[in-house]
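S.K.: I have a structure here, written as structure tokens, and I will follow up with some questions on it.
Where a number appears in this text, it was derived from the coordinates with a stated rule and is not lab data. What you see is a predicted model, and the numbers here were worked out from it, not measured in a lab. Counting neighbours? That spans all protein chains shown, and the Cβs are built from the backbone with ideal geometry, glycine included.
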Amino acid sequence: MEIYHISAECYPVAKVGGLADVVGALPKYLNKKGHQAKVVVPGYDNKFTNENQFEVVHNGKLKLGWFTFSYTVLKEATDKLGFGLYLIAIPELFDRPNVYSYEDDTERFTAFQIAFLNWLIESDQYPDILHCHDHHTGLIPFMVQNCYNYQRLAHIPTLITIHNGQYQGWFGFDKMHYLPNFELSRAGFIEWGGMINPLAAGIKSAWSVTTVSPSYLEEIMYAANGLENLLRYEREKCVGILNGIDNEVWNPKTDPMIPANYDLKTVKQGKQQNKEFLCEQFKLDPEKPLFTFIGRLVGEKGADLLPEIFNNSLREHYNEINILVLGSGDSHVENQLNSLKPHFEGNYNAYIGYNEKLSHIIYAGADFLLMPSRVEPCGLNQMYALRYGTIPIVRRTGGLKDTVVDFGDNGFGICHDQASVFDVNYSISRAVGLYDDKKRKKEIVDFILQIDHSWEKVAQEYLTIYNTLKHT
């Protein structure tokens, strides 16, 4: 099968969150199973684009309402990512370093989707599956079915994966003329709540809808930022598939980013060496349990709770624990986390920013990973932590609920039910007790190192859906 994945993010091309990790891994594993999976993302002006070789495979023009843009389709020349990577360069819209948060994001991603479909039509391509990811590509299933320009593509099955249903790409009907012409009686397929809603359009128009974990599918039936009724109506075509992780990128035995590699036999020494490296860098004590948070400092992740959580735990367990934070996001939370440093020197530190290499070292050196998320559709960090023998402390929600079982229930993690300061502080206290129980902690670390969350099985689940759609 020939499968196109269309996305705003793809690791290592452009990454903001877990969406990039999924799109950078799933196609590689589909190809290993003998298929032709390709990825299409916008051509951002970033490090990856500037440092790699590309060849021009198509030039074209697109109309966005009254505006006309030239676009170029570039193919990464070496296929070094394990799949064909295509960038759609629209200089006026994407010749910038960041993925999101520009005032013209509506124009940028609508144009990207139109350019992609124009390219298929103009180059006479008819792939077997169009796999769209999140609202940035949610208009594609609608346009394929309804826009006159793309009638030749209407037979191609479309699937949309919801990585985070909170973000839907809303914009007003005053911009409906951006879309290529379609029968106006079909406008209901792009409307939800009185606005054009690209995610809703994808859910209504795609042949199948997937979410990134089974529990998240159940949760968004009742909490989807206004789309609950639509999702319940379309329930029959929805499937929850738990994301995987790329075991080649995330492998403590071979990871080139960590100071000391290790496996099941050498995990104790290996983790201790990585911990000592971190503690030297951040002026912490390697003899104490190291707790960490890695991720975006936003409300969804429970990051606004962290300053109070850390303040309480560092006082309750005075001079008994270390805490290290890696993340960026809300400036108020960033400032609060930085302001804790002088009060807990030697036991607390924070790196405000994004650092892929440092994240690998932290997974390899930390004892516990905190994920007090309010919303976590799948969560990959807990899987990375497990892969590196770091015990996750999670709230039971979404994919965290599907992947972590409390050690009190014969499991291997620490779980709590509420995104609250009290619940997380109590979990940290339980973790301190577990750290002191060397035998039990060793059993858990040995067990979690052997848990398999690779994409092999997940890729097969997607192939099952693709095959079903092809023969519908």
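S.K.: I need the peptides 81-93, 204-216 ranked by packing, meaning the mean over residues of other C-beta atoms within 10 angstrom, with the highest value on top.
M.R.: Those peptides, ordered most packed to least, come out 204-216, 81-93.
S.K.: Would you work out if the range 267-448 is rounded, prolate or oblate? Take a ≥ b ≥ c from the square roots of the eigenvalues of the alpha-carbon gyration tensor; rounded if a/c is under 1.5, else prolate when a/b is larger than b/c, oblate otherwise.
M.R.: rounded
S.K.: Residue-wise, which Karplus ³J(HN,Hα) couplings in Hz belong to the range 442-455, taking 6.51 cos²θ - 1.76 cosθ + 1.60, θ = phi - 60°, and x for glycine or proline?
M.R.: 4, 4, 5, 4, 4, 5, 5, 4, 9, 5, 9, 10, 6, 6
S.K.: Rounded to whole Å, give me the distance from the Cα center of the range 328-387 to that of the range 1-63.
M.R.: Value for the Cα centre distance between the two parts: 28 Å.
S.K.: Tell me the label-point distance for the pair Tyr148, Arg396, using the 7 Å Cα-to-Cβ offset, in nm and rounded to one decimal.
M.R.: Rounded to a tenth, the inter-label distance reads 5.6 nm.
S.K.: Separate question: Relative contact order, percent, of the range 403-468 when contacts are C-alpha pairs under 8 Å separated by at least 6 residues?
M.R.: 17 percent
S.K.: Go ahead and run the numbers for FRET between Asn355 and Ser185, Cβ-Cβ distance against an R0 of 41 Å, rounding to 0.05.
M.R.: FRET efficiency, Asn355 to Ser185: 0.20.
S.K.: Which distance in nm do the two modelled labels at Glu287 and Asn338 give, with both placed 7 Å along the Cα-to-Cβ direction?
M.R.: Calculated label separation equals 3.3 nm.
S.K.: Round to a whole angstrom and tell me the spacing of the C-alpha centers of the range 288-306 and the range 419-472.
M.R.: A separation of 18 Å, based on Cα centres.
S.K.: Now a separate question. How many angstrom lie between the C-alpha centres of the range 190-256 and the range 68-120?
M.R.: Comparing the Cα centres of the range 190-256 and the range 68-120, I get a distance of 23 Å.
S.K.: Could I ask something else about it? State the antiparallel share, in %, of DSSP beta bridges confined to the chain, rounding to the nearest 5.
M.R.: Looking only at bridges with both residues in the chain, the antiparallel portion is about 30 percent.
S.K.: Give the long-range amide H neighbours of His416: residues separated by 5 or more places, or on another chain, with amide H under 5 Å away, using H modelled in the peptide plane at 1.01 Å from N.
M.R.: Correct list: Val394, Arg395, Arg396.
S.K.: Let me ask something else about it. ³J(HN,Hα) across the range 141-153 via Karplus (A = 6.51, B = -1.76, C = 1.60, θ = phi - 60°), whole Hz, x for Gly/Pro?
M.R.: So the Karplus estimates, Gly and Pro as x, are x, 5, 5, 4, 7, 10, 7, 4, 4, 10, 4, 5, 9 Hz.
S.K.: Using Cα positions and a limit of under 20 Å, work out the aspartates and glutamates in reach of Lys47, with same-chain residues fewer than 8 apart set aside.
M.R.: Glu9, Asp21, Glu55, Glu76, Asp79, Glu92, Asp95, Glu356
S.K.: Considering amide H positions built from the backbone, and no H for Pro or chain starts, which residues 5 or more places from Leu449, or on another chain, come under 5 Å of its amide H?
M.R.: none
S.K.: Considering every Cα-Cα pair within the chain, what fraction, in whole percent, is farther apart than 34 Å?
M.R.: Within the chain, distances greater than 34 Å cover 36 percent of Cα pairs.
S.K.: On to the next question. Can you tell me the FRET efficiency between Gln418 and Gln166 if r is taken as the Cβ-Cβ distance and R0 is 22 Å, rounded to the nearest 0.05?
M.R.: Calculated value: 0.70.
S.K.: What's the angle, to the nearest 10 degrees (0 to 90), between helix 306-316's Cα axis and the longest principal axis of the chain?
M.R.: Approximately 10 degrees, to the nearest 10.
S.K.: Name the residues whose placed amide hydrogens come within less than 5 Å of the amide hydrogen of Leu64, ignoring near sequence neighbours (fewer than 5 apart) on the same chain.
M.R.: When sequence neighbours closer than 5 places are left aside, the close amide H contacts are Phe69.
S.K.: Which angle from 0 to 90°, rounded to the nearest 10, does the C-alpha axis of helix 356-365 make with the longest principal axis of the chain?
M.R.: Once rounded, the angle reads 40 degrees.
S.K.: Just need the Rg to Rh number for the range 1-90, please, alpha carbons only, Kirkwood Rh.
M.R.: The Rg/Rh ratio comes out at 0.99.
S.K.: Just order 218-227, 159-168 by mean Cβ neighbour count inside 10 Å, highest at the front, would you?
M.R.: 159-168, 218-227
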